[in-house]
Structures are given as C-alpha cells and as structure tokens.
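Accompanying notes for the structure given below.
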Amino acid sequence: MQFRIQNMTIQSFDWYNPTKLIVKHDASAEIVDYLVQDNIASVMLVYGRSSAKRIGVYDAVVNALKMKNIRIFELPNIRPNPQIERVIEGINICRLHNIQAMLPLGGGSCFDTAKGIAIGALFPHDVPAETIWNCYERTLVPKSALPIYGVMTCSGTGSGMNHASVMQDDKQKKKFAFGSSVVFPKVSIIDPKLQASLPWYVQVGGFVDAFMHICENLTNMEDPEEAETTYAIDISLCRSIIKAGDKLLKDPNDHVARANFIWADICAIDQLSAIAMKGGDIGVHMLQHAMTAVNPNIQHGAGIGVAFLAFIKVNGERGLRKATYDRMAKEIFGREGWQGLYDGFKEVLVRWGHPTTLDELFGRKMTEEDRAELLRVFNMNSITCNHYPDRKMPQELAIEAYRVI
Ligand SMILES: [Zn+2]
C-alpha cells in the first residue's frame, strides 16, 4: 500500500527516493561493501523461516560480514504478514547491544519488520519499545531510524525501495501501516535469479500485489488526462507485469522476464506511479488487510486479487469510475467497460492459479457471520481515498464488497 501526497498535481509535485537499488546476479554479499563504506560495525539480520538459508543468501552475507569483522545479531523466523511482537523484540535487542544498522534478508515482511525496529531502536531510553505500535496507529510520527541495508529475495511489496511498513497485531486483529522518509533503505540488492525457486503461489502473490499498487493510482482518476504521463507509465507497468508473469508461468528461470517484473514492482510503489494521481485509492488494500487480520494465514497477494474483483464489481455496477475502468480495460486487456476490466483481471488470476472468491481464499464456505466479521475488522480502519467524505469508503460499498465474492 502507498502513502501519497494528496494535493500533488502534474504542475506541482515532488518526488523523493534516496534508496540505491542494485539489481544484479550473485550480488547479495555486496551489501557488506556498503556497510564497510559507512563504517557500520554491527548489524541485525532480519530473515524469514527458511528461504534465506535454502537459497544460500544467508551464508553468503554472513560469511562476508565475518570477513569484515562486523558483529552479527539475528532476528529469524519472521512470518508473512509480520507481527508487531517481533518488532518489539528486535528493538529491545538493538537497544541492549547498540546495534548500528538493520540488514533484512527476505521479502516485504522482513523489510517491514526491519523498518519498525530501525525507528524504535532510536527511541529515547525512557520510551518503551511497545510505543512503536503508535507509528502504525499514526499517533506518533517517526523522527529518526537506524540505516537499513537489505537483500530482497521476493518482490511484490516494493518494500526494498519505499518508505512504508505494514504490521499486524493479531490480538487486536489490526493490520496497520505507516509511511516515513526515515525508513527508506539506504541500499537494496535484488538478485533476479534467486526468485526462480520461490513457490509459484508466492511468486503470483508478488505479481498481483505489484499490479494492485499501480491500479490503486489508476482507479482513483476520473480524468486520466490530468496526469497523462503518470497514467501512461502506470498502464505500461500493468501490461509489463502480466507479460512477465505469463512468461514466468512457462519458465521460472526466464531471468529477463524476472528482472522486468522486479523493475516494474519497484516502479509500482517508489512513488513514481503515484505522481499527481490524487493520493490513489487504497480501498482494495484495506479490504484485504481485514482478511489477513481475521486469518494471518491468508496470503496478501491472494487476498488482493479477490478484493480487486469485488472492488471493480461494486463500483462498476453503480456506474462509478466509468471512464477510468473503460480505459484500463481497453489499454491493459483490450476489452471494454468495467466488465472488461473484471473479466480480464479474473482470467489472469485463473491462468496463474490464484483464488477468485472468498471461499477459495479461505478454503471453506464463508458464512454470513464470516462476512460480517470481515466488515467489522475493515471498519476499524476504512480510510481509503479522497472521493469520500472523511476519506472513508461508504458502508454500502464495503458491505457489498464482502458479499459479491
Ligand atoms: Zn500490497
């Protein structure tokens, strides 16, 4: 999800992204060169359950760190849909050992966790680590953070080159996010080859998530010509992601297609795709966040696909965003109207083997109570776009969205 400046126009906007991005084969260990360059003497490695070790990134980076005598602290087993408890744990370790930098090795979950820790590690000593949740509630504005140097092994969230962190509190059933320029990674390295061994379902989750980060801009525009250049970039990114996904479906070792997807994913959410797009509409992300908050095993990208179908349908049937949907349908899928956009997107999901209904997503028949629970959780944070009063998605749309899929 994105955090965009709402009042930017094509005649008056700013774009800031200080991250150095390196896309290169066999380059993971090079991250250590940048730590040395910045005189970093200790790091916290943040990684997931198994893939960093299985694909060899962990060993490559740890060996390089040892060669340079950089002290290593570890926060392993970060799950998809990461938890605030792990951020708090990481903050306490960083404070205890005066760790100087964060080093996530993984996908968006590891980067997002590292971003939360990076901020909390610099809280004044009398402020408890738990206070970090206030950043996600947006009642506390982050002031500073430890530098972040990362190796991104899974693309989709764009977290390697953006300023957002999304975090979950299972107890409160909240999945909240913040954006702050203090957490842009300093350097991110992505090795396209490493993503070939990811499970296909995980890869598709990334394709769909990146696709949605772009569509969130497109669907918010009533008159695309107001930001024609951004609009044209975004349409091209959408087409490029579908093309790359189809090629990777046939051959996961097509490293050219992979690198094209990786670049599209980064452009999708480094704010380039958002310039003068009126802050975007994050309705689909918020509908999805409720699904994961209810069941943390629901994959973000899979939920996004289902939520987008619902979103197109409830808006389309009401005649909302007609011109935009029609143009997206024509330029991305060669079809017409909201139905063309819906059908085109659904065909892609089916082709890639992703769910298209809530029943498929949750793996059981969803009851009225299940849908009511999703709505209740959604209503804890229903701010989506500037089309609506208070920026909150109208209840009737949200109710309907959890019903039509
Ligand atoms: Zn997302």
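Quick look at the numbers
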read-out: Matching residues, region 347-405, being without any contact (Cβ under 8 Å) to a residue 40 or more places away in the chain and aliphatic (A, V, I, L, M); value: Val350, Met366, Ala372, Ile399
read-out: Cys110 within 27 Å of Gly283 (Cα to Cα), touching a strand residue (DSSP E or B) at 6+ places or on another chain (Cβ under 8 Å), within 16 Å of the ligand (Cβ to nearest atom) and in a loop (DSSP other than H, G, I, E, B); value: no
read-out: Residues located in region 63-81, provided they are crowded, with 18+ Cβ neighbours inside 10 Å and modelled with pLDDT of 95 or more; value: Ala64, Leu65, Ile70, Leu75, Ile78
read-out: Check on Gly283, more than 16 Å from the ligand (Cβ to nearest atom) and of a type in the set (Gly, Ala, Ser); value: no
read-out: Matching residues, region 308-325, being farther than 14 Å from Leu397 by Cα and within 16 Å of the ligand (Cβ to nearest atom); value: none
read-out: Tally, over region 373-405, of residues that are out of contact with any Ser or Thr (no Cβ under 8 Å at 6 or more places or on another chain) and part of a helix (DSSP H, G or I); value: 14
read-out: Near pairs, Cβ below 6 angstrom, 6+ apart or cross-chain, from region 304-320 (basic (Lys, Arg)) to any residue that is within 16 Å of the ligand (Cβ to nearest atom) and at pLDDT 95 or above; value: none
read-out: Index of the failed condition, Asp254 passing every other in (1) out of contact with any Lys or Arg (no Cβ under 7 Å at 6 or more places or on another chain); (2) without any contact (Cβ under 8 Å) to a residue 12 or more places away in the chain; value: (1)
read-out: Answer residue from region 191-227, given it is away from the ligand (no atom under 15 Å from the Cβ), in contact (Cβ under 8 Å) with a residue 60 or more places away in the chain and acidic (Asp, Glu) and is farthest from His300 (Cα to Cα) among those; value: Glu226
read-out: Residue within region 300-317 that is of a type in the set (D, E, K, R) and more than 18 Å from Ile242 (Cβ to Cβ) present; value: yes
read-out: Residue in region 291-307 that is within 11 Å of the ligand (Cβ to nearest atom) and among the aliphatic types (A, V, I, L, M) present; value: yes
read-out: Among (1) more than 30 Å from Leu375 (Cα to Cα); (2) surrounded by 20 or more Cβ atoms within 10 Å (Cβ to Cβ); (3) away from the ligand (no atom under 16 Å from the Cβ) - the single one Ile132 does not satisfy; value: (1)
read-out: Residue match in region 362-381 (condition: surrounded by fewer than 23 Cβ atoms within 10 Å (Cβ to Cβ), over 22 Å from the mean Cα position of the chain (by Cα) and closer than 18 Å to Val202 by Cα); value: yes
read-out: Residue check, Gln288 buried (at least 23 other Cβ atoms within 10 Å of the Cβ) and free of Cβ contacts under 8 Å to residues at least 24 places away in the same chain; value: yes
read-out: Helices (runs of 4 or more DSSP H) contained in region 172-273 and holding at least 1 residues touching a strand residue (DSSP E or B) at 6+ places or on another chain (Cβ under 7 Å) and surrounded by fewer than 21 Cβ atoms within 10 Å (Cβ to Cβ); value: 255-269
read-out: In region 150-171, the residues that are crowded, with 24+ Cβ neighbours inside 10 Å, within 23 Å of Ile93 (Cα to Cα) and away from the ligand (no atom under 16 Å from the Cβ); value: Gly150, Val151
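The values are calculated or read from the model by the stated rules, or taken from the named source; none is laboratory data. No experiment lies behind these values; they were computed from the predicted model shown. As a convention, Cβ positions derive from the backbone with ideal geometry for all residues, glycine included, and neighbour counts pool all protein chains shown.
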